[in-house]
Amino acid sequence: MRGRAGTQTEGDTLTDATVTEPTKLWFLLDRSGSMDALAQDVIGGFNTFIAEQAREPGSAHLTLVQFDSQEPFEVIHDTARIEDIPRLTTETYRPRGGTPLLDAIGDLIEHADQRIEARSRVDQPAEDQLVVVFSDGLENASHRYNRARVAELISSRQKAGWEFVFMGANQDSYLEAGRIGVSRESVSNFEASSEGTAAAFQSISRAASEYRGKTRIERTRDSGTFFGGTREAEEMMRSRGGGAGVPKPCRGIPNLDRAAVGRPITRLGISLFPVYLPGNDLEEIATGPNSGLVIEELRASTVPSLEVTNPTNRPVLIPEGEQLIGGLQDRVLNTSVLVAPSTHLDIPVSCLEQGRWGDRRDFGRGRAFAPRRTRRAKNASVADSIRREGSRRSDQAAVWSAIDQELAHLGVDSGTRAVRDAEQFLRRDRQRAHVIRSLAGRGPLPGQCGVVVAHGRRVVAIEIFGNHDLLTPHWEGLVRSHMMERPTANRHPSATLVLHRISRFANAQAEANRGVGLGTELHVNDRRTVGQALVHDGALVHASAFMIG
């Protein structure tokens, strides 16, 4: 029999090329809250899949496991003959909670190992292991398994002959599945719609029938190519004018068009307009250095990713633009992330320190947010990646170029070309340092939840949080970042123009994508504005935008 090491035991004799082997099918079904809109389609698709497989010749048993943050591993049917699987219903499948995908996969592999060992002890015939993962979004709620551990488990099982399949929506499935070691030819995207879900189950059923019709020799030969080059779900997406994994366009950032502005504070040619956001009701969210969030390098460290753990009972916001100082090199978030309670997840980041990779340090928060132009370059490339492929990768070369220009503009020589060293500029400009200390010491006004930055009459940046308590821990960082600049325009600032810029950002065409953690991301990149926003339960959590030209 094939065990974890891929060895054969007594009674496990390879057959010739004319005999098929029994299949053990493990179906891991996402039951997180975001699947609610697709619940009926998932039920219908799964039942059709079972009915089609029941008509296929050969022996197969199926275990159906559902997962969500309330119950990360719920076995619905365990090792039942596929023809005996009852229909899935709304009583059984009720989406809720978050997406502990890594925990679910880890638990499934452990459960499968136990079955293999039990069968081996009583000399039952060998089965070939086929694992199908069906999910509509990114990991956001695991706390026992990380990505590196799951990748290790999958790799070892693949060497023992297991086949892993990943069918995903609202994400770059090739990127996410690849990061845990699933072969690219066994991955497919599907559209999160009725038609897309039907096509996804059609694709899985067709490929499963082909897999079951093969001998073990053929299955070994074709390992890692489950879909056989045909992906019905992606063909349907292309026929409807969409690319696989590309998020849907939308218009409008919730509640942002209700924003009001107050009288600006103007110092050294730079004006800070206070922003108020009435009617934006948020649950309690923590943020900043006292939030309890733990930030670490991945076990297998890479530049564009970090791991965060939220051990608290409240969601924690990490806003786009906040500098994360330490690790193997300084980083900055590529998009705002809301980390669910009692959760760890990987976050997409960009490097802010080109000349260091090593001298590992604990992560802290920078005194200033990353510079406006650095964030604009980063966010523009992230928005483009979202639009083209559904990933959140930045153009790291463009980010480094913007940092070099920023340091040169300020006359700062940094040994590791780190953007945090821009602070050295304030040692020479005592007046600016005094202005920054004064403004930072004031704190935001009562009820203020954001700021619009203007150079003379020219609006250059919009920084808005969901409420006053979210802005307050980041007030000094925003002030230091924007006030270290020299103004790029003159004339009197205009509240009317500020409101116009907010309205344009609020109603811009955006790419909507499920958040890295909780909520939904919106990314804007048009001829005049580059920006991003994070929305959760219909309320704005954080938004940042930078004007072009």
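So which residues in the range 352-365 are in contact with an Asp or Glu (Cβ under 7 Å, 6 or more places away or on another chain) and either under 20 Å from residue 441 (Cα atoms) or among the polar types (S, T, N, Q) (or both), if there are any at all?
365
Filter the range 459-474 down to the residues that are of a type outside the set (A, V, I, L, M) and surrounded by 19 or more Cβ atoms within 10 Å (Cβ to Cβ) and list them by number.
So in the range 459-474, the residues of a type outside the set (A, V, I, L, M) come out as 463, 465-469, 472-474.
Listed by number, the residues that qualify are 463, 465, 466, 467, 473, 474.
Residue under question is residue 525, and the condition is that it be polar (S, T, N, Q), closer than 17 Å to residue 394 by Cβ, in contact (Cβ under 8 Å) with a residue 24 or more places away in the chain and surrounded by fewer than 24 Cβ atoms within 10 Å (Cβ to Cβ); does it hold?
Details: polar (S, T, N, Q): yes; closer than 17 Å to residue 394 by Cβ: yes; in contact (Cβ under 8 Å) with a residue 24 or more places away in the chain: yes; surrounded by fewer than 24 Cβ atoms within 10 Å (Cβ to Cβ): yes.
Yes; evaluated as a whole, the condition is true for this residue.
Answer with yes or no whether residue 220 is under 28 Å from residue 449 (Cβ atoms), at pLDDT 90 or above and not in a loop (DSSP other than H, G, I, E, B).
Answer is no for this residue.
Please report, ordered by residue number, the strands (runs of 3 or more DSSP E) entirely within the range 264-353 with at least 2 residues that are among the small types (Gly, Ala, Ser).
Correct list: 323-327.
Starting from the range 69-87, take each residue that is under 19 Å from residue 49 (Cβ atoms) and list its partners that are of a type in the set (Ser, Thr, Tyr) and assigned to a loop (DSSP other than H, G, I, E, B), counting only C-beta distances under 7 angstrom and pairs at least six apart or across chains.
76/92
Name the single residue that is nearest to residue 288 (Cα to Cα) among those in the range 354-383 being in contact with a helix residue (DSSP H, G or I) (Cβ under 7 Å, 6 or more places away or on another chain) and in a helix (DSSP H, G or I). If you could, list the steps in order and put the result at the bottom.
First, pick out the residues of the range 354-383 that are in contact with a helix residue (DSSP H, G or I) (Cβ under 7 Å, 6 or more places away or on another chain): 354, 366-374, 377-378, 381.
From the residues that got through so far, the ones that are in a helix (DSSP H, G or I) too are 372-374, 377-378, 381.
Numbers: 372: 19, 373: 22, 374: 21, 377: 24, 378: 21, 381: 26 Å.
By that ranking, first place goes to 372.
Let me confirm something: among 194, 209, 271, 183, which residue is assigned by TED's automatic domain parsing to the domain that holds residue 52 and modelled with pLDDT of 95 or more?
Details: 194 fails: modelled with pLDDT of 95 or more; 271 fails: assigned by TED's automatic domain parsing to the domain that holds residue 52; 183 fails: modelled with pLDDT of 95 or more.
Residue meeting the stated conditions: 209.
Taking the range 512-531 as the search range and keeping residues that are among the charged types (D, E, K, R) and not in a loop (DSSP other than H, G, I, E, B), which one is farthest from residue 139 (Cα to Cα)?
Among residues in the range 512-531 that are among the charged types (D, E, K, R) and not in a loop (DSSP other than H, G, I, E, B), the one farthest from residue 139 (Cα to Cα) is 521.
Criterion first (in contact (Cβ under 8 Å) with a residue 12 or more places away in the chain, closer than 21 Å to residue 285 by Cβ and outside any strand (DSSP E or B)) does residue 406 satisfy it?
For residue 406, the condition - in contact (Cβ under 8 Å) with a residue 12 or more places away in the chain, closer than 21 Å to residue 285 by Cβ and outside any strand (DSSP E or B) - is not met.
Within the set of pairs 6+ apart or on separate chains, which have a first residue in the range 281-305 that is closer than 24 Å to residue 473 by Cα, a second that is among the hydroxyl-bearing types (Ser, Thr, Tyr) and not in a loop (DSSP other than H, G, I, E, B), and C-beta atoms under 6 Å apart?
Short answer, once both residue conditions are applied: 294/309.
For the range 417-437, enumerate the residues that are closer than 15 Å to residue 481 by Cα and either part of a loop (DSSP other than H, G, I, E, B) or β-branched (Val, Ile, Thr) (or both).
If the condition is that a residue be closer than 15 Å to residue 481 by Cα and either part of a loop (DSSP other than H, G, I, E, B) or β-branched (Val, Ile, Thr) (or both), then 419, 429, 435, 436 are the ones that fit.
Inside the range 410-436, can you point out the residues that are closer than 19 Å to residue 355 by Cα, free of Cβ contacts under 8 Å to residues at least 40 places away in the same chain and out of contact with any Ser or Thr (no Cβ under 6 Å at 6 or more places or on another chain)?
Within the range 410-436, 411, 412, 413, 424 qualify.
The values are calculated or read from the model by the stated rules, or taken from the named source; none is laboratory data. Because the structure is predicted, anything quoted here is derived from the model rather than measured. Methodologically, a virtual Cβ is constructed for each residue, glycine included, from the backbone with ideal geometry; neighbour enumeration extends over all protein chains shown.
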